[in-house]
There are 2 protein chains.
Amino acid sequence: MLSSIKSVNVLGITDLSGGGEEAPGGDLSALSIPGGRSMSSHPASSSAVVDPDPLIRKHRTAGATLTVTANGTPLADREVVVAQRRHKFLFGCIGFDFIPLANGETATDDGERRSLGESPASGSQQVADLWFDLFNFATLPFYWGHFEPVRGRPDTERLLTTARWFADRGIPVKGHPLTWHTETAGWLMDLSNAEIAKAQVDRIRRDMTDFSGVIDMWDVINEAVIMPIFDKYDNGITRICREIGRIPMVRMVFDAAREANPHATLLLNDFDMSAAYECLIEGVLEAGIKIDVLGLQSHMHQGYWGEEKTLATIDRFARYGLPIHFTETTIVSGHIMPEEIVDLNDYQIPEWPTTPEGEARQADEIVRHYKTLLSHPAVEAMTYWGLSDGGWLGAPGGFVRADGTPKPSYDALRSLVKGEWWLPPTTMVTDADGRVRFDGFLGEYEITAGGRSVTFTLDEPGDAEVAVSL
Amino acid sequence: MLSSIKSVNVLGITDLSGGGEEAPGGDLSALSIPGGRSMSSHPASSSAVVDPDPLIRKHRTAGATLTVTANGTPLADREVVVAQRRHKFLFGCIGFDFIPLANGETATDDGERRSLGESPASGSQQVADLWFDLFNFATLPFYWGHFEPVRGRPDTERLLTTARWFADRGIPVKGHPLTWHTETAGWLMDLSNAEIAKAQVDRIRRDMTDFSGVIDMWDVINEAVIMPIFDKYDNGITRICREIGRIPMVRMVFDAAREANPHATLLLNDFDMSAAYECLIEGVLEAGIKIDVLGLQSHMHQGYWGEEKTLATIDRFARYGLPIHFTETTIVSGHIMPEEIVDLNDYQIPEWPTTPEGEARQADEIVRHYKTLLSHPAVEAMTYWGLSDGGWLGAPGGFVRADGTPKPSYDALRSLVKGEWWLPPTTMVTDADGRVRFDGFLGEYEITAGGRSVTFTLDEPGDAEVAVSL
């Protein structure tokens, strides 16, 4: 740090007043930097709050020109119906609640096996219907201590049934997490560090293989930043991470995961949004470890981040040129957790009610948050941490109350996802060349005419020429 | 001084084993971890406050047996005088204040050229005498914006004169810093990023070469954790670090430094004591970049850390098996800066007086802090950030008041460094085999008998057999 207040102007700081947001972006190619890796540079400070809607249209929609033919001939001057079937953006939510429902378990069955985050009033068919009407991406729990409380007796069948239940309904599933120091298996504590590391690698290989084709996306390691210095209690994962270091730990579990399922999408996930996670990512990438997606947690029990912080955070992590998933988001519809709480798990209260004012605030913040995320091209997924109230920490963080009725947040988000950002079945008339034009959000569509249907996708923003043969 | 002559077995290393210093240290050798690097594991939680004195004796002293000969014959039953000349531990302080004195500049000369950290009442011969009576290691300023405010006109001669002034008095000198986004050269802003990177590398080569043999220890890069996301103002160094990333930046400047002076000791230095610095270090080491010393800043304008935090911090960074230097420490003898200040530079007040209560507290904390550092074997240096008050932030952080009189902290620290931890000239009598025994702090000693003197060193803690020929 500095040691004087006297000579602030020596540098000619007066030149810097413009607050220059963009580095001029010079070219280092003329300079030999051993191992230097050029980074794609999203600007680090484009965080002024601006209207997100034009950016959402820019990054998330295509202007499609469909040329419709039948038997090789343009289908001219004909009514067709175009309808969106799916968003490309992953509007995700945990599916923990539905494990009993998917497995046909009665209420009395499930009490004992309830996973983290399963909320009491949640797993009903009614709530499931609300889930499928809003989301297109599920996260299922693989916390080692719950998944395999007794060594050699993993809960594979039950989770596989649940994963297939989602997959059969067209929902891709992510497993969370394969490596984490919290909620890990207690029996690791009886092993040597070498045995723990082997058990961790074996667990990854076994579970990724068992679920391959049903779950092809995994949070491979969770919270590696704090992993080796986690000091709330002793556990096997912290032990080995402290011994070998974070990067060898990440390498070990990613190597195992990549080998077990070469087609899977592998995430590095963390709650630490500080420079620590940046440094970890840079170290991991410099070490040559291939990460497919960066996962950013964003539990907001202590208050909505706001657009500026959200965009600044995305910008910092978008610098690495990797897709970003918001993996764990909560915004409460009750009082806000006091800011002095550092570990959210330390906040345990008997009741945390949802309130009308809180629900109105939540609905507003949900809209702002989803709009903010979709306005940034690096974000590809957003997973909400529980549709129903009463899950983690007993917080009123859901879009559905404990009695199963939807809150304003549910309706507000649905009016975006299936309203403003959605093309419902829409009748159009082809021109003389068999063409129709429309703007739509990226995703999967269906066109129907004369009782025949064809699906097509809009994958990239901007103008799209699509030929369909009915 | 040590109560050494009486208690020969003062080291009593076996008595100190209770502290549980070593982690159980599981063995991962059975498991193949590609690229896995085993870490030396200082424990992460040996931070209970214990009496530091036995640990200081364990890690910092040797039990020496001197065998004295003259002309090949043991010098039996003779009076000899043994005296310590230097500590191995680097008791450092910045030497910024003495640039004018070393250069023979008058008071009117120096106003304009005053470097960062030169305090108004500091550069006198009287204060210099206090400096040399306490410290054995100096840090000199190489802030680029001050060192070379106009491109091509570096302040080399003046700094070289100062560095030699210290070196001639037996004081090793460290240069600080070669790469930093703050106080960097304003003219970098006119260059492309490739040109900035080249200028940075050229600057390192030039200055390390110019000062080679006089300054052979450098803070090569300062505060790399925040460097690419520093957003207080635009600057050339943040620009290139943002573009290429932290690890390529560290590699670039360390490669240049290593090449310019292969014999120099090269530091990575940071103020960020969070997991972010750990992650950066792990990434840098995994990338194969050789770091000689980890520098930890510890300005305590907002209050003394205390033993527990200090030891926990050392433990976290000692895991990498590298020597640790406390590079920048300040403990104030006035009121404490409010804790809500995040960037210390934001605290600008017209007057920050030293107080009698503050001086008593500072003296106590200084003793506790130095004892804590010496009680941990990983720490090799401690640099205090300014002997005199009125330096950085105008804080009363010195051991000497603005009027040049020493505070209680000066006397307290001197009574350790040159008292309790020091062997003054001491008369001993050799035995029939020409031997004397004494316990002393690691460092350089002189033995004198019959008008002849020889120097010897105690380099490692524990028992030492030394043969000297007078």
Q: Just flag the chymotrypsin sites (Phe, Trp or Tyr not before Pro) in the range B:320-382 sitting in loop per DSSP whose Cβ has no more than 13 other Cβ atoms within 10 Å.
A: none
Q. Per residue and in Å³, how big is the convex hull formed by the alpha-carbon atoms of chain B?
A. 175
Q | Geometric extent, Cα atoms of the range B:120-203 - Rg, Dmax (angstrom) | A | 15.6, 48
Q.
Using a label point 7 Å beyond Cα on the Cα-Cβ vector, give me the inter-copy distances for B:Thr106 in nanometres, one decimal, shortest first.
A. 10.3
Q. Considering the Cα trace of the range A:320-470, what is its radius of gyration and what is Dmax, both in angstroms?
A. 20.5, 67
Q. In the range B:163-204, what residues drop by 50 Å² or more in accessible surface going from the chain by itself to the full protein assembly, probe 1.4 Å?
A. B:Glu183, B:Ala194
Q) Can you list the residues, at least 5 places off or on another chain, whose amide H is less than 5 Å from the amide H of B:Arg85, using H built in the peptide plane? A) B:Glu444, B:Tyr445, B:Glu446
Q. Once whole DSSP H runs in chain A are found, which of them have Cα atoms spread over 20 Å or more along the helix axis and a mean Kyte-Doolittle score of at least 0.0?
A. A:246-260
**Q.** Shielding by partners - mean other protein chain Cβ count within 10 Å, residues of B:224-231
**A.** 4
Q: Note the distances from A:Lys58 to each other copy's matching label point, with points 7 Å along the Cα-to-beta-carbon direction, in nm, sorted shortest first.
A: 6.2
Q. Any idea what the relative contact order of chain B is, in percent, if you count C-alpha pairs under 8 Å spaced at least 6 apart?
A. 29
Q | A versus B: buried accessible surface, summed, Å² (probe 1.4 Å, to nearest 100) | A | 5500
Q. Expressed as a whole percentage, what fraction of the accessible surface of the range A:138-181 belongs to carbon and sulfur atoms when a 1.4 Å probe is rolled over the protein heavy atoms?
A. 49
Q. Which whole-number value in Å³ per residue fits the convex hull of the alpha carbons of the protein assembly as shown?
A. 201
Q. For the range B:208-315, with every protein chain kept in place, what is the accessible area per residue (1.4 Å probe, Å²)?
A. 25
Q | Position A:Thr69, label points 7 Å along Cα→Cβ, spacing to each other copy in nm (shortest first, one decimal) | A | 10.3
Q.
I need the phi-derived Karplus couplings for the range B:212-226: 6.51 cos²θ - 1.76 cosθ + 1.60, θ = phi - 60°, integer Hz, Gly and Pro marked x.
A. 4, x, 10, 10, 10, 9, 9, 7, 5, 9, 10, 6, 5, 4, 8
Q) Treating the beta-carbon of each Lys and Arg as +1 and of each Asp and Glu as -1, no other charges, what is the dipole magnitude of the protein assembly as shown about its Cα centre, to the nearest 20 debye? A) 1540
Q: Determine the residues within the range B:384-401 where the difference in accessible area between the chain on its own and the full set of protein chains amounts to at least 50 Å²; count protein heavy atoms only and use a 1.4 Å probe.
A: B:Trp392
Q) Where in the range B:254-349 are there GluC sites (Glu not before Pro) that are in a DSSP coil and have at most 13 other Cβ atoms within 10 angstrom of their Cβ? A) B:Glu339, B:Glu340
Q | Mean Cα-pair separation over length for the range A:295-433, i.e. relative contact order, pairs under 8 Å, 6 or more apart, % | A | 26
Q. Under a Cβ-Cβ limit of 4.7 Å, which cysteines in chain B have nobody to pair with?
A. B:Cys93, B:Cys241
Q: Would you mind calculating the relative contact order of the range B:173-316 from Cα pairs under 8 angstrom and at least 6 residues apart, reporting the percent as a whole number?
A: 26
Q. Which net charge results when you count Lys and Arg as +1 and Asp and Glu as -1 among the other residues whose beta-carbon is under 12 Å from that of B:Asp255?
A. +3
Q | Peptide ranges A:374-385, B:205-216 listed from the most packed, as the mean C-beta count within 10 angstrom indicates | A | A:374-385, B:205-216
Q: Round to a whole angstrom and tell me the spacing of the C-alpha centers of the range B:58-82 and the range B:301-376.
A: 40
(Q) Using just the Cα positions, wrap the range B:254-369 in a convex hull and report its mean projected area in square nanometres, one decimal place. (A) 9.1
Q) Using mean Cβ contacts within 10 Å as the protection proxy, how do B:168-181, A:239-252, B:57-70 order, highest first? A) A:239-252, B:168-181, B:57-70
Q) If you project the alpha carbons of the range B:421-470 onto their three principal axes, what span does each projection cover, largest first, in Å? A) 28, 20, 17
Q | Neighbourhood charge, 15 Å Cβ-Cβ cut-off, centred on A:Ala185 and excluding it, Lys, Arg +1 and Asp, Glu -1 | A | -2
**Q.** For the protein assembly as shown, with +1 on Lys and Arg beta carbons and -1 on Asp and Glu, the positive-most of A:Thr430, A:Val284, B:Phe399 along the dipole
**A.** A:Val284
Q. Ranked from highest to lowest mean number of other Cβ atoms within 10 Å per residue, what is the order of the peptides B:332-338, A:449-455?
A. B:332-338, A:449-455
Q. With respect to the cross-link table entries A:Lys371/A:Lys418; B:Lys58/B:Lys174; A:Lys309/B:Lys198; B:Lys58/B:Lys407, which display a Cα-Cα separation exceeding 24 Å?
A. B:Lys58/B:Lys174; A:Lys309/B:Lys198; B:Lys58/B:Lys407
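The values are calculated or read from the model by the stated rules, or taken from the named source; none is laboratory data. Model, not experiment: these values are computed from the prediction. Neighbour counts run over all protein chains shown; Cβ positions are idealised from the backbone, glycine included. Ligands, DNA and RNA are excluded from the accessible area calculation, which covers all protein heavy atoms including side chains. Shrake-Rupley method; radii C 1.70, N 1.55, O 1.52, S 1.80 Å.
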